Amino acid sequence: MGHTMCHGRHRLRGHRIHRTHSIRHDLGLLALRLGTGGVLFAHGTQKLFGWFGGYGLEGTGKSMEQIGFRPGRAHALASGLGEAGGGTLLALGLATPGAGAAVAAAMSGAASVHAPAGFFNDRGGLEYPVHLALAGSAVALAGPGRFSLDHLLVHRLDQPWMLGVTFAAAAAAAACVVSRRLRVQREQEAETAQPG
């Protein structure tokens, strides 16, 4: 009898520890989603609407055109939607695989701009966009947790197969955009190098 009671107490204690760990896990994912999604939403709306001191589509489009993203306005729109839309979905925990893929693709384009300056952010490097891309990808891989719309919707928009499909599509799109930008930059350099 004493052995059975002791065994029962251990099982109950193990259940409480597991439940506490599970709640901590879900709260950690919620904090990561809200923080990362909020930052991305702010950056995206700077590009789209000029909020938070941004330049809106026209100003951002001109800047993007100068650094090789042509047409600039279309790239500003795509970048803004990837950041604001992906960030919003990430924060809500809705369509999490697609949200993480959108974030990773948008941040790949940003990282390509910052890569020549090295890694560290204080020198204009790619540290910050890479961090955001990894955070969005990590949430997509781990899942949004219980405190999410995906959980509420019984993961209809968070299926395992969606992870591979959305990340493959995002990687292909990002590779296309970055390679086109590099080609435009080479053409600009060739034009500048020509005399007269």
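The values are calculated or read from the model by the stated rules, or taken from the named source; none is laboratory data. These numbers come from a predicted model, not from an experiment. Note that each Cβ is placed from the backbone with ideal geometry, even for glycine, and that neighbours are counted across all protein chains shown. Only protein heavy atoms, including side chains, enter the accessible area calculation; ligands, DNA and RNA are left aside. Shrake-Rupley method; radii C 1.70, N 1.55, O 1.52, S 1.80 Å.
Overview of values
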| item | result |
| --- | --- |
| GNM flexibility winner over the chain from Thr60, Thr96, Thr20 (Cα, springs under 10 Å) | Thr20 |
| Equivalent-ellipsoid semi-axes of the stretch 22-102, from the Cα gyration tensor, Å, largest first | 29, 12, 8 |
| Phi-based couplings in Hz for the stretch 56-71 (Karplus 6.51, -1.76, 1.60; Gly and Pro marked x) | x, 5, 5, x, 5, x, 5, 5, 5, 4, 5, 9, x, 8, 10, x |
| Counting all C-alpha pairs of the stretch 86-136, share separated by more than 17 Å (%) | 36 |
| Farthest positive-ward along the chain dipole, Cα basis, beta-carbon charges - from Trp51, Thr96, Gly118 | Thr96 |
| Which of Tyr128, Tyr55 is most accessible, then next, and so on - probe 1.4 Å | Tyr55, Tyr128 |
| Percent carbon-and-sulfur accessible area, the chain, ignoring ligands, DNA and RNA, probe 1.4 Å | 66 |
| Ratio of the Cα radius of gyration of the chain to 2.2 N^0.38 Å, where N counts its residues | 1.33 |
| Accessible area (Å², per residue) of the chain, counting only protein heavy atoms and a probe of 1.4 Å | 59 |
